[in-house]
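Written below as structure tokens is the structure these notes are about.
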Amino acid sequence: MISPKKTWTEEPSTPLLIQHKNPEEVYMILAKIGEGGSGSIYAVRNRKTLQQFALKRIPIKNSKQLEQIL
């Protein structure tokens, strides 16, 4: 039996966090794990709590693009 795929409409299990500072100040990059049309995905570790996360870094070019993402 084939299990159903997850859809984009499902609620994320963790809250979406958007930071306006350099993520390298908060996280230690462990590895680049992917890349897409809107940004790169990294395995990271929080420098303070040592928790590991997947982080998507999206370069913002202007305020209109920021509004579209949010």
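What follows is calculated from the coordinates using simple rules that are stated; it is not laboratory data. Just so it is clear, the model here is predicted, and its values are computed rather than measured. FYI the Cβ positions are ideal-geometry reconstructions off the backbone, even for glycines, and counts take in every protein chain you see.
Which net charge results for the neighbourhood of Gly37, defined as the other residues with beta-carbon distances under 15 angstrom from its beta-carbon, given Lys and Arg at +1 and Asp and Glu at -1?
Every neighbour counted, the sum reads +2.
Grab the beta carbon distance between Asn62 and Ile29, set R0 = 30 Å, and tell me the FRET efficiency rounded to 0.05.
Result of the calculation: an efficiency of 0.75.
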